[in-house]
Amino acid sequence: DTGVSQDPRHKITKRGQNVTFRCDPISEHNRLYWYRQTLGQGPEFLTYFQNEAQLEKSRLLSDRFSAERPKGSFSTLEIQRTEQGDSAMYLCASSPHQGSYEQYFGPGTRLTVT
Amino acid sequence: EDKVVQSPLSLVVHEGDTVTLNCSYEVTNFRSLLWYKQEKKAPTFLFMLTSSGIEKKSGRLSSILDKKELFSILNITATQTGDSAVYLCALYNNNDMRFGAGTRLTVKP
């Protein structure tokens, strides 16, 4: 399978716990994006990477959210001290290079905070 | 603040009908407008539009962008039950992609 993959697909956690999600982009895609999607809404942009550099992070929802892409391949999104309002689908997407605006989405990680 | 507004929010039609979905925006300096189809999981890419007045077509789907009036439409002709999905419009602007809330299309047999 050469598409974008995300792990886990579902995560249930208790309020206050930390969670980490992983995204593996399509091989050799330079750009990697993270989005959050809640019910009835379109995806909400969070952050993106060009290779290992995080070029935009001002849209991360709070300082509890952080993302890394240490070797320019896979990426992780961490949410610390989760709150019930963090419950959502977290989507990852990748695109081949700066000139390409077409993003390929992964299946998402559905987070439920109880 | 930049806005992407899609209408209608939901639409129910019967197989064979033609539908037009609307996306209007208040976004400055965007590079392209994209349409996605989202069924149960991740959005899948349909079209990218960068120039005003040039129609893009793929089978029964077509789309056009009007940069003067700040909107785009997505047309689906001869709808099928498999077209049932949420259709998302998004504006790409350098560092981010801004999505509308989507139009939920239901096609009944």
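The values are calculated or read from the model by the stated rules, or taken from the named source; none is laboratory data. Please read all numbers here as calculations on a predicted model, not as lab measurements. Note that we place each Cβ from the backbone using ideal geometry, even for glycine, and neighbour counts take in every protein chain shown. The area values use the complete protein model at the heavy-atom level, side chains included, leaving out ligands, DNA and RNA. Shrake-Rupley method; radii C 1.70, N 1.55, O 1.52, S 1.80 Å.
Taking the conditions exactly as written (more than 14 Å from every other protein chain (Cβ to nearest Cβ), modelled with pLDDT under 95 and loosely packed, with under 14 Cβ neighbours inside 10 Å), does A:Asp1 satisfy them or not?
Taking the combined requirement at face value, the residue does not satisfy it.
Restrict the check to the stretch B:41-62 and report whether at least one residue is in contact (Cβ under 8 Å) with a residue 12 or more places away in the chain and touching a Pro at 6+ places or on another chain (Cβ under 6 Å).
no
Report whether or not A:Val4 is aliphatic (A, V, I, L, M), in contact (Cβ under 8 Å) with a residue 12 or more places away in the chain and farther than 23 Å from B:Arg98 by Cα.
no
Test of understanding: among A:Ala53, A:Ala93, which residue is loosely packed, with under 14 Cβ neighbours inside 10 Å, out of contact with any helix residue (DSSP H, G or I) (no Cβ under 9 Å at 6 or more places or on another chain) and within 13 Å of chain B (Cβ to nearest Cβ)?
Criteria check complete, one pass: A:Ala53.
Suppose we keep only residues that are touching a residue at least 12 places away in the same chain (Cβ under 8 Å) and facing chain B (nearest Cβ under 10 Å) within the stretch A:57-90. Which one would you say is farthest from A:Pro43 (Cα to Cα)?
The residue in question is A:Arg59.
Could you list, in sequence order, all residues of the stretch B:33-70 that are in contact with a Leu (Cβ under 8 Å, 6 or more places away or on another chain), more than 14 Å from chain A (Cβ to nearest Cβ) and farther than 27 Å from A:Pro25 by Cβ?
Within the stretch B:33-70, B:Ser52, B:Gly53, B:Ile54, B:Ser62, B:Ile64 qualify.
So A:Thr114 fits all but one of (1) in contact (Cβ under 8 Å) with a residue 60 or more places away in the chain; (2) open to solvent by less than 40 Å² (accessible area, probe 1.4 Å); what number is the exception?
The number of the failed condition is (2).
Would you please name the residue that is nearest to the chain's Cα centre (by Cα), looking only at residues in the stretch B:23-32 that are surrounded by 15 or more Cβ atoms within 10 Å (Cβ to Cβ), in contact (Cβ under 8 Å) with a residue 60 or more places away in the chain and away from chain A (no Cβ under 11 Å)?
B:Tyr25
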